[in-house]
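Below is one structure, written out as structure tokens; comments come after it.
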Amino acid sequence: MESMVDRPLLSLRAALIFLLALLTGGAASGLTAVAGEDIARSLLAGLAAAGLAVPFFDRLIAPEGSAAQPSPAAGADTVEEESRG
């Protein structure tokens with residue numbers, strides 16, 4: 001019997017995080033290879049960069065369903081102080 005899955009295997013956010021980590025690791029690996037290192041070291045550098053990129057992009061990209069909170073203007077506090085006194 002075939003059951004249908006209503007949701008994808010990965011969310012769009014997770015897929016984007018892994019894609020960016022893969023691109024980061026590939027770039028680090030390629031740059032290391034161009035710098036003259038051997039294949040083993042360039043692969044290790046790429047894997048390390050990809051491993052560090054996952055938590056970086058996880059914190060950088062907002063979770064689904066959360067609204068971005070606008071930050072107050074830099075001079076808003078001084079304008080309030082001037083109008084009070």
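Every read-out reported here was derived from the displayed coordinates using simple, explicitly stated rules and does not represent laboratory data. Owing to the predicted nature of the structure, the values given are computational and were not obtained by experimental measurement.
Any chance you could run the full-extension gain for residue 23 through residue 5? It's 0.36 nm times the residue separation minus the Cα-Cα distance, nm to one decimal.
3.6 nm
If you take the alpha carbon atoms of region 10-63 and fit the smallest convex hull around them, that volume is 59 Å³ per residue. The phi torsions of region 4-15, fed into the Karplus equation with coefficients 6.51, -1.76 and 1.60 and a -60° offset, translate into couplings of 8, 9, 7, 10, x, 5, 10, 6, 4, 5, 5, 5 Hz, rounded to whole numbers, with Gly and Pro shown as x.
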